[in-house]
Structure formats: structure tokens, C-alpha cells
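Encoded as C-alpha cells, the structure appears first; notes follow it.
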Amino acid sequence: MDIFSNWLNNLVSKPSFHTFIKKIPIIRQLAFNEGEKIYDLVAGFVYSQILLAFIELSLIDFFISGRKKIDEISKYTGLSNNKCLLLCNAATSIGLLKKRRDSTFKLTRLGAAIKGVRGLDKMILHHKIFYRDLIDPVKLLNENFDTELRNFWKYVPSTKKITKEEAKNYSELMGVSQYIVAEETLNLVKLNGFQKLLDVGGGNGTFILEVMKLYPNLTLGVFDLPSVIEETKIKISHLIDVSRINLIAGNFIKDGLPHGYDIIFLNRVLYDHNDTVVEIILNKIYDALTPKGQLVISEPMAGNHYPTRAGDAYFGFYTMAMTSGKPRNKEEHFKFLKKNGFRHLKLVSSPNDFITSVIVAKK
């Protein structure tokens, strides 16, 4: 099979072959389809920048009220009519807008969905940092420079001291992404029957607040760095039942975790850290859990036998730019969990694994 595959790849790589098959009606369409896919790979960065410009100009909010003329768009953005027409045509080509016969534009369902996902606009704006790190991917692969993402996520490495202002900046963005993760995770994992839940590395409490809405009888805890916990206190101070949330300051590398919780969550924590740190975290969680307690890992994961765009491509390069951690596949997670005493391991399948994947492990 490999011999045939190698022969076919060698044949397809020849320009003369493509010239030849374009003359054969039956297989010409196959060549065109592959050509279009190659074009989209090349143009993908341009598409992302069109989306970024759309978000930076707050155009989704502008279009949500209905169709708009170019003159109206120009007045709103401060751009010339010609540039507005260029941007709107481009946005139409990637599915954000629909162009009408009267040359007005209206928002598509896809465009409206971006506004409907809480915090997605802020995540898109954050990507300017990531894009700058990707400007020279070979240099990034060679680890030859100090990346902007490393400097943004100040907890990398986990031994670094973080100021209050730094904690506030990245905690806000973590909170934004956690809305999406929390919704998907809580759709997959039901918490009926549990009494005390701890969110390790819980940031500014976004996940815990979502849990509180669904499970009013659970006692809740958040464990994170002291500077992060200070921000969490500010965020939840207005809540009437804030006494249900126990905020614990500490460093999960140096300090022990609080005991007495029968379910502990790690939301987008392990993939941020290298293998040695992962083992330390899992070992401490195992010790902290009550007998027969459960651990839930919710984060982007790599594919097992078949690499995925979200896990292996996007988050693979994102964590590389962070200079810490990596997306791991199910088997890698299971290996670490078994090594640290966990049993009854289960990957909870999700149709939205580009958002997160979930593993449940029992003590």
C-alpha cells in the first residue's frame, strides 16, 4: 500500500501531470477541488485578518440591526467608501455578510453567531499577539526568540512571581475563554450527587459561577495564585451567596491542595504545563480527593491516531508559542492518570471537541 501511495504522490507532484489531467473531463474536477484546498491553505491567514478587522471595527454590532448601505458603513467606520466596499465584499466571501441585489449588506447567521458566543470577540482580538509570534514559523519551531505569548501569559513558567496588574490582564482573558469551555464541560459532566467541588487553576471564578447557577447546593472552591485570587474576590464580591465559594490562594507546584472535595476540575490547566508539572498536579489532586472522588480534565486534546486541526495544529502551535506545555491525546492523559493512582478512566466524547475534550477519572 505504501509503495502505491508513494508512487501516486510522486506522480501528483509533477507539474506535467496536472497539465495532463486538466484535459480529461472525468478527473478534471478532482484536480480543481484539490487546487481550491491548496489556495485556501495559502489564503487562510488573509481570511483571519478580514475577521479581525471586522471585530476591531465593531461591525457585527453595527450590522446586527439590519442591512446597511456603503455610505452608512463608511460614516460608522471612518473608512472611505472604496475601502468599506472592499472589506464588505471580502467579509461576504468568507460568510460573515450577505450582499443583496441593491448593493446593501446584511449580517449572516454565521456572523451573528460570533456575537452570540460570549467573549469570542475578545478572543479574536487577542490573536494579534499570537499572529505576531507566527510571522516566522520556522524561527518559532527553532525556539530562537522570546515570544509575545510567553510574556502575556505571566504564569509561564509556573515558578514566576506575578504582579496584581499582570494577573488582572490574563485572568480577564482566561475568564472570557472559560465561558465557552464551562458551557461545553457542564453539558458533558453532570454533578448531581456531589457535595464539594474544587476548581484548581480556576482563574477569576468564571467556571465556578457557571456551576453555581446549575447546582445551587454544591459547596465550591477555587484554588489559584494569590494575585489571581485577589482578582477573583473583586469579581464575586457582589454575590449574595458568596459564602458558598471558598477562595484558596496558593501555588500548585509548591503548595498542597485543600482536602475534603469529592470532585476536582482542571479546566485548561494541564496543556499549559510540561510533563513534570502535570505529574506534580495529578499527584496532589489524588491525595486531596476524598475516597472514590473524581477528577475532571477539560481542555484541548490532540488526536490519537489521527491528528486534529484544533488539537494538533492550532493548540500545538499556540502552546509552542507560549513555550510551555502541549496538547496531549487520550492515551497520554491516561498514562499520567494511571501512574498517579487514578482508575476508571473515561473520555467523554463531544461533537464540539474543537472547544474542549473531557476526561473523567476516579480515585
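No value in this document is a laboratory result; all are computed from the given coordinates. All figures in this text were calculated on a predicted structure; none of them were measured in a lab. Backbone-built Cβ (ideal geometry, glycine too); neighbour counts: all protein chains shown.
Brief remarks follow.
- Under 19 Å from the Cα of K326 - aspartates and glutamates, other chains or at least 8 residues apart: D133, E143, D146, E148, D272, D275, E279, E299, D312, D353
- Separation in nanometres of the label points that stand 7 Å from Cα toward Cβ, at N251 and N274: 1.6
- Computed over the alpha-carbon atoms, region 248-343 gives an Rg to Rh ratio of 0.99, Rh here being the Kirkwood radius from the mean inverse distance.
- Which listed pairs, of K115/K335; K213/K339; K196/K330, have C-alpha distances above 32 Å, in listed order: K115/K335; K213/K339
- Prolate/oblate/rounded label for region 61-142 (Cα gyration tensor, a/c 1.5): prolate
- Ranking I281, N304, P291 by Cα position along the charge dipole of region 274-315, where only Lys, Arg, Asp and Glu carry charges on their C-beta atoms, puts P291 farthest toward the positive end.
- Remark: the Cα gyration tensor places region 168-296 in the rounded category, a/c being less than 1.5.
- The magnitude of the dipole of region 200-326, with charges of +1 and -1 set on the Cβ of Lys/Arg and Asp/Glu and taken from the Cα centre, is near 180 debye.
- Among the chymotrypsin sites (Phe, Trp or Tyr not before Pro) in region 285-363, none is located in a DSSP loop while being surrounded by at most 13 other Cβ atoms within 10 Å of its own Cβ.
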